[in-house]
Every structure is written in C-alpha cells, then in structure tokens.
1. Taking every pair of distinct Cα atoms and averaging 1/r, then inverting, what Kirkwood hydrodynamic radius in Å comes out for segment 129-248?
2. Test of understanding: ordering 98, 197 by Cβ neighbours within 10 Å, fewest first, what list do you get?
3. If I build a Gaussian network model for the chain, linking alpha-carbon pairs within less than 10 angstrom, which residue out of 182, 241, 22 has the largest mean-square fluctuation?
4. Ranked by Cβ crowding within 10 angstrom, fewest neighbours first, how are 208, 136, 42 ordered?
5. Which whole-number percent is the relative contact order of segment 94-151 (Cα, under 8 Å, 6+ apart)?
6. Can you show me the helix-derived [θ] at 222 nm for the chain, built from DSSP H runs with n ≥ 4 at -39,500 (n - 2.57) apiece and divided by the number of residues, rounded to the nearest 500.
7. What Rg and what Dmax come out for the chain when only alpha-carbon atoms are used, in angstroms?
8. Kindly express, to the nearest 10 degrees and within the range 0 to 90, the angle between helix 242-272's C-alpha long axis and the longest C-alpha principal axis of the chain.
Ligand code: ADE
Ligand code: ZN
Ligand code: ZN
C-alpha cells in the first residue's frame with residue numbers, strides 16, 4: 001500500500017509542483033514587452049516564428065509558457081534547472097560558483113540571449129532560444145525563483161517556498177504558488193486586464209531609465225532581496241490574507257512590469273544583429 005501511495009504521489013508531482021509564474025504571469029510579462037519592442041524586432045520575430053505558427057502575426061504571450069511544458073518532454077528534460085537560481089535566503093547575493101555550478105536561471109538567460117543574437121545559429125535553435133528567453137526573463141522576476149530557505153531542523157531546502165504550506169484567503173496552497181498565481185489572480189482575474197491595469201495605472205509618469213540597465217545577476221539579486229523582505233515575511237501559522245496581500249501586491253505589479261520592460265530591451269538588442 002505504501003508503495004502504491006508513493007507511486008501515486010510521483011504521478012501527481014508535476015501537477016502539484018509550482019515551477020514558474022503561472023501562465024497568467026508569463027503572458028503579462030510578454031504582452032508588456034510586446035507593447036515596447038520596435039517594429040523591426042516585431043517583424044523579425046514574426047518571420048522567425050512563422051515556420052512554426054504558419055503566420056507572421058506575433059503574440060509573445062502565446063509562446064511565453066511553452067518552456068514550462070518543454071521541460072517535461074524528453075528533449076527538454078535538461079532544461080528543468082534553468083527556471084530558478086537558488087541563492088540561499090541567508091546570503092546577500094548571487095555567487096556563480098555556489099548557486100550556478102550546474103546550469104541555472106542566470107546562465108540560461110545568458111546562453112539563450114547569445115543564441116538568439118547569433119545569426120549563424122540555425123533558425124530552429126534561434127526560435128527555441130526566443131521562446132526560452134520570453135519565459136525565463138519572467139521567471140527571474142518571480143522573487144521565489146531566485147531563492148530557497150533551508151529548514152534549521154531538517155536541513156531540507158524549501159525549493160523557493162514550494163514546500164511551505166499556507167492558506168491564501170482560506171484556500172490551501174503553498175508559498176511559491178501564492179507568488180506564481182495566487183496574488184495575480186486575486187488582483188485581476190484575466191491577464192489582459194492585468195496588463196491594461198499596469199499600462200494605465202503603473203507605467204504613466206514612471207521613470208524607467210534606472211530599471212532597464214543592470215546585469216542578469218543584478219536582476220536575480222533584486223528579486224532575491226524582495227523574496228527575503230516580502231515573500232518570506234509570512235506569519236508562522238501560514239495563514240495569509242489581506243495584510244500579506246497588501247504588502248505583496250505592489251511588488252508583484254512592479255516585478256511583472258519591470259520584467260516586461262527588460263524583456264523588450266533584450267529582444268531589441270538580440271534581434272538587431274540579424275536580418
Ligand atoms: N525547484 C527548486 N527550487 C526552486 C525554486 N526556487 N523555484 C522553482 N522551482 C524550484
Ligand atoms: Zn519557468
Ligand atoms: Zn514558480
């Protein structure tokens with residue numbers, strides 16, 4: 001019986017395990033980016049994707065969650081570690097030797113950026129790099145994708161809050177899932193309306209010049225700090241409601257908006273080199 005239960009829980013593992021912003025978060029980041037990329041970039045992306053989509057029309061949102069399916073396919077199994085970088089919660093910042101000795105989110109963004117900008121790479125590999133990049137730039141802005149906490153008693157790491165049970169407005173969840181989807185869905189249920197909300201209420205009057213710079217490691221450090229200060233600042237009883245949401249929601253807004261701006265810039269830069 002024990003074996004049966006173990007096999008059953010393995011079967012359901014991918015469903016219960018949270019891996020990334022949910023589809024909504026990735027769509028929001030991609031759409032914010034699409035509003036900001038140049039016409040030339042849009043045109044080149046359309047041509048690159050056309051072999052697969054059969055059309056030159058571009059919807060970055062529609063490709064933004066592909067990477068979360070790909071890691072479960074045989075061809076993509078080596079990419080599952082690309083979706084996070086576990087900078088320990090008790091450490092101040094990213095250390096490549098410690099946190100990325102195997103491929104991680106930071107190195108995966110660098111690698112896919114290079115492939116996309118490499119005009120001699122095959123269209124297939126550039127297309128794969130594009131789809132990865134649109135997804136991974138979202139992931140690196142999800143605070144709990146840049147950290148984990150080690151339990152002092154069991155010495156087990158919590159996989160960015162995946163192993164921290166909570167209730168969120170009465171619903172059973174885990175801390176990671178609350179950040180992947182819970183806060184977003186509670187704010188605005190439809191991702192398109194979330195984008196409209198950011199465009200009409202978050203962006204106007206905002207000085208973005210200081211946000212577009214910085215290295216991939218800087219973005220990981222920024223998200224890691226937010227995880228420490230906000231995401232992990234949860235009550236011990238794991239009961240999350242208005243107080244937690246009120247502090248977390250502006251951080252989620254900011255991270256989704258900034259991720260979109262940065263993604264647009266990366267795509268403009270990477271696509272500029274090839275015709
Ligand atoms: N698996 C292990 N650590 C993780 C993290 N920080 N985010 C998502 N998945 C993980
Ligand atoms: Zn992911
Ligand atoms: Zn996740």
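1. Computed over segment 129-248, the radius equals 15.9 Å.
2. Numbers: 98 11, 197 14.
So the ranking, lowest neighbour count to highest, is 98, 197.
3. Residue with maximal mean-square fluctuation among 182, 241, 22: 241.
4. Numbers: 208 13, 136 27, 42 18.
With the sparsest Cβ surroundings first, the list reads 208, 42, 136.
5. Numbers: 29 pairs, mean separation 17.3, N = 58.
After rounding, I find 30 percent.
6. On the way: 13 runs with 143 residues, N = 275.
Value at 222 nm, helices only, nearest 500: -15500 deg cm²/dmol.
7. Considering the chain through its Cα atoms, Rg and Dmax are 18.6, 61 Å.
8. 30 degrees
All of the numbers you see were taken from the coordinates with simple rules; none came from a lab. Small disclaimer: the values here were computed from a predicted structure and weren't measured. Heads up, the Cβs are rebuilt from the backbone with ideal geometry, glycines too, and the neighbour counts pull from every protein chain shown.
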